[in-house]
């Protein structure tokens, strides 16, 4: 029974990977060097990196703090309330934030569609903190509290206690969450299209606009950008996983004596 | 005090829902959306639990490879994947069809569901599941996996519903603009600047996952009671 499930799941997973081959075939002929020189794409890449990194890092820190608050400080009420943003699809949350910031918030300070993309970042943080919280919660549930007790007994300061008794176990879920969020935020359309500005657009918005305007005449350009960005992310994933492989294996299987 | 500030930060965005009275009407976009959600949620729950079970219990040298293979799509941006699948599906005449849209929706939701099921099973731990190893598959699902993973089934359903409801480009591109859902309508209404109508769609996008989550919770509790009565 479960073998059928695995085969079907693998067939489903094969699709996006074959999709990359199709992307490659269709982007042949695109002037990649020309794309890199084009001001619009360069500005878009800069703002995409800024929005992605700020939203991802803030979500990781806040999500971890929340999971820690539940397991270390017994703040169980968070379990109930942090679920709320999970019920809201990204597009709906973008509209809710648009309504909230439409006339400037708080006290007219920040408006929706402003050029620093602050509302885009806040929307992503609001949506992704519960996701990171869920990813890290499992690790905290399994964490051996003996390590922390030992660190306390040795009178380490709170930061050292965290770095020796919790951080090593958090590396894997945080690394997974980091790349999932980066892949998701850096090349998306829905949220930045609603809350972003006309220049510079985020990569996903620009690529989709270039693809669909002008009867698909510029399609190879959009496909090339999608492919290059995916390969760039794959490179990052591979590098960080290779660099942390030894450490993760030691945490998963223990030290061989 | 700190608790109050955090609660306000979490709940404040919902205030937008009450800025004006939403209009109410019913059309096939809502029916399309509900059908998509139900099909994708059922497939996700069934495929992810079986796959996670296999990953946890099968000893083979291919395991790490298969694990990577199944989780790799998580790192492909959904939009880039959609572009590629658009080219691929166009060759098989699946662009503009419901089947095409459903396939791509399954592709973007399944890796998350497998991950959730796999994490939940690892937290519950092998010893609890090992007791069910020699049961026939159907009884294993009904008597062991279903009661133990009830919370996870609810989370998988919620996550896949929310991902399905969040897709605008995917449905617009793969559906070739022929398949309308609540999400695609929200964009059109938003461009038309009709706040009341846009709010109705936003309410729907939040209510569909909430109602499904509560309904599945009820169903699971009832199901577990029936299973317990039989054992």
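The values are calculated or read from the model by the stated rules, or taken from the named source; none is laboratory data. Since the structure is predicted, the reported quantities are computational estimates derived from the model, not experimental observations. Cβ atoms come from the backbone with ideal geometry, glycine included; neighbour counts cover every protein chain shown.
So the values come out like this:
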| item | result |
| --- | --- |
| Lone unmet requirement of (1) within 21 Å of residue B:183 (Cβ to Cβ); (2) in contact (Cβ under 8 Å) with a residue 12 or more places away in the chain for residue A:99 | (2) |
| Residue satisfying condition, being in a helix (DSSP H, G or I) and closer than 25 Å to residue B:161 by Cβ, within set B:74, B:4 | B:74 |
| Unmet criterion (only one of (1) over 25 Å from residue A:50 (Cβ atoms); (2) in contact with a helix residue (DSSP H, G or I) (Cβ under 6 Å, 6 or more places away or on another chain); (3) touching a residue at least 60 places away in the same chain (Cβ under 8 Å)) for residue A:135 | (1) |
| Helices (runs of 4 or more DSSP H) fully within the stretch A:124-243 counting 2 or more residues that are within 12 Å of chain B (Cβ to nearest Cβ) | A:167-186, A:190-195, A:203-212 |
| Lone qualifier among B:166, B:177, B:192 - being surrounded by fewer than 18 Cβ atoms within 10 Å (Cβ to Cβ) and within 12 Å of chain A (Cβ to nearest Cβ) | B:177 |
| The one condition in (1) within 7 Å of chain A (Cβ to nearest Cβ); (2) within 19 Å of residue A:21 (Cβ to Cβ) that residue B:51 fails to fulfil | (2) |
| Every pair of residues 6+ apart whose Cβ atoms lie under 6 Å, when the first sits in the stretch A:11-38 and is not assigned by TED's automatic domain parsing to the domain that holds residue A:233 while the second is part of a loop (DSSP other than H, G, I, E, B) and at pLDDT 90 or above | A:16/B:76 |
| Qualifying residue in the stretch B:23-45 (condition: within 30 Å of residue B:202 (Cβ to Cβ), within 11 Å of chain A (Cβ to nearest Cβ), surrounded by 15 or more Cβ atoms within 10 Å (Cβ to Cβ) and modelled with pLDDT under 90) | no |
| Some residue of the stretch A:15-24 being over 23 Å from residue B:112 (Cα atoms), outside any helix (DSSP H, G or I) and touching a helix residue (DSSP H, G or I) at 6+ places or on another chain (Cβ under 9 Å) | no |
| Residue, nearest to the other protein chains (Cβ to nearest Cβ), within the stretch B:75-119, restricted to residues that are under 24 Å from residue A:223 (Cβ atoms), within 16 Å of the chain's Cα centre (by Cα) and surrounded by fewer than 21 Cβ atoms within 10 Å (Cβ to Cβ) | B:103 |
| Any chance residue A:40 is crowded, with 20+ Cβ neighbours inside 10 Å, out of contact with any strand residue (DSSP E or B) (no Cβ under 9 Å at 6 or more places or on another chain) and either assigned to a helix (DSSP H, G or I) or at pLDDT 95 or above (or both) | no |
| Criterion violated by residue B:64 - all others in (1) part of a helix (DSSP H, G or I); (2) within 12 Å of chain A (Cβ to nearest Cβ); (3) at pLDDT below 90; (4) surrounded by 12 or more Cβ atoms within 10 Å (Cβ to Cβ) satisfied | (4) |
